[in-house]
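K.L.:
What follows is a structure written as structure tokens; I'll ask about it next.
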Amino acid sequence: MTTKNCSRCKAELPATTEHFLKQSSTKSGLSSQCKECKHEYYLANRERIKMKSKKYYEENKEVIMEKSKEYRLKVKEHKKEYDKKYTKKNKEKKNIRSRKYAEENKEKLEKYRRVYYKDNKERIYELNRKWKNENPDRVKMAKSRRYNKKKLLPSTLTLEQWDLIKKYFDKKCAYCGCEKPLEQEHFIPSSKGGGYTMENIIPSCRSCNASKNDTDFQEWYKKQGTYDSEREKKIYSYLNSKQKSIRSGYL
């Protein structure tokens, strides 16, 4: 193993980041002093180092900010991907830490939220409006979940499942086959106990959804001018496959 001598304490240590800080300006890529000596020096000269850093920042503020901006743009995608992986790997740990902090600082957070909302009311409203326009499926999902929970009905549909449902029906209305914007239609109406679940949601255009409303499928579909026996079979085939999956424990 390659070793390196600390320029201050003269100790011979493995030339790794475990013992030395990184320093790109040196040949080895490591600082001349070991971490322990660096720490001791900092503790002994803390105030002087802080004053020197502050003075340098004030004299070079614009240059530092510009470099910082360039660096953030350069690593933006990498950081985004890193944060995503870290959150996925440490989701439970982060949730526990967040819940603990929220419990210990309940009044402080509530006060901050009230002040922030008051100072940014218009901005928050505009962001919410924009988000709702860009995420109609999520908005519909939230409304449906609230309604079904209020009625004590199952409410488990996810966006991933909704995408799979649309894919199964070739991103067309399951009833008339048109390619208009699709809505989440309850095959068994929620007013008759139908849940907001993968085995009960069918992609439907606005026209078919409004026409069917809470009518029984058999009673309604064959009266439609767009009735198609093949589409009817496909709907039943989909529903039966989901019911079998549930019974088998896959859903």
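K.L.:
Mind pulling the angle between the C-alpha long axis of helix 61-89 and the longest principal axis of the chain? Nearest 10 degrees, somewhere in 0 to 90.
P.N.:
With rounding to tens, the tilt is 50 degrees.
K.L.:
Give, as ranges by residue number, the residues of segment 50-80 whose backbone N falls under 19 Å from the point 7 Å along Cα→Cβ of LYS94.
P.N.:
Residues 75-80 fall inside that zone.
K.L.:
Please sort by residue number the GluC sites (Glu not before Pro) in segment 13-54 whose DSSP state is loop and whose Cβ has at most 12 other Cβ atoms within 10 Å.
P.N.:
Here the sparse-neighbourhood loop sites are GLU18.
K.L.:
How much length would be gained if the chain were fully extended between TYR42 and LEU109, taking 0.36 nm per residue of separation minus their Cα-Cα distance, in nm to one decimal?
P.N.:
20.6 nm
K.L.:
Ok, one more. Using alpha carbons only, what's the Rg to Rh ratio of segment 104-166 with Rh from Kirkwood?
P.N.:
For segment 104-166, the value is 1.13.
K.L.:
Consider just the alpha-carbon atoms of segment 1-116 and return their Rg together with their Dmax, both in angstrom.
P.N.:
For segment 1-116, the Cα-based Rg and Dmax read 20.8, 58 Å.
K.L.:
Treating the angle as unsigned and between 0 and 90°, give the value, to the nearest 10°, between the Cα long axis of helix 46-59 and the longest Cα principal axis of the chain.
P.N.:
Roughly 70 degrees between the two axes.
K.L.:
Starting from the Cα gyration tensor of segment 152-246, take the square roots of the eigenvalues, sort them a ≥ b ≥ c, and report rounded, prolate or oblate (rounded when a/c is under 1.5, otherwise prolate if a/b is larger than b/c, else oblate).
P.N.:
Verdict is rounded for segment 152-246.
K.L.:
What accessible area, in Å² to the nearest ten, does a 1.4 Å probe give for THR16?
P.N.:
50
K.L.:
Between SER241 and VAL139, what is the FRET efficiency for a Förster distance of 25 Å, r being their Cβ-Cβ separation, to the nearest 0.05?
P.N.:
0.30
K.L.:
May I ask you to compute the full-extension gain from ARG146 to TYR227, defined as 0.36 nm times their residue separation minus their alpha-carbon distance, rounded to one decimal in nm?
P.N.:
25.9 nm
K.L.:
Going by the alpha-carbon gyration tensor, a ≥ b ≥ c the square roots of its eigenvalues, is segment 18-62 rounded (a/c under 1.5) or, if a/c is not under 1.5, prolate (a/b greater than b/c) versus oblate?
P.N.:
The shape class here is oblate.
K.L.:
Pull out the extension gain between GLU122 and LYS74, defined as 0.36 nm times the separation in residues minus the alpha carbon to alpha carbon distance; nm, one decimal.
P.N.:
14.1 nm
The values are calculated or read from the model by the stated rules, or taken from the named source; none is laboratory data. Values in this document were obtained by computation on a predicted structure and should not be read as measured data. Neighbour counts run over all protein chains shown; Cβ positions are idealised from the backbone, glycine included. Ligands, DNA and RNA are stripped out before the accessible areas are found, and what is left, the full protein with its side chains, is counted by its heavy atoms. Shrake-Rupley method; radii C 1.70, N 1.55, O 1.52, S 1.80 Å.
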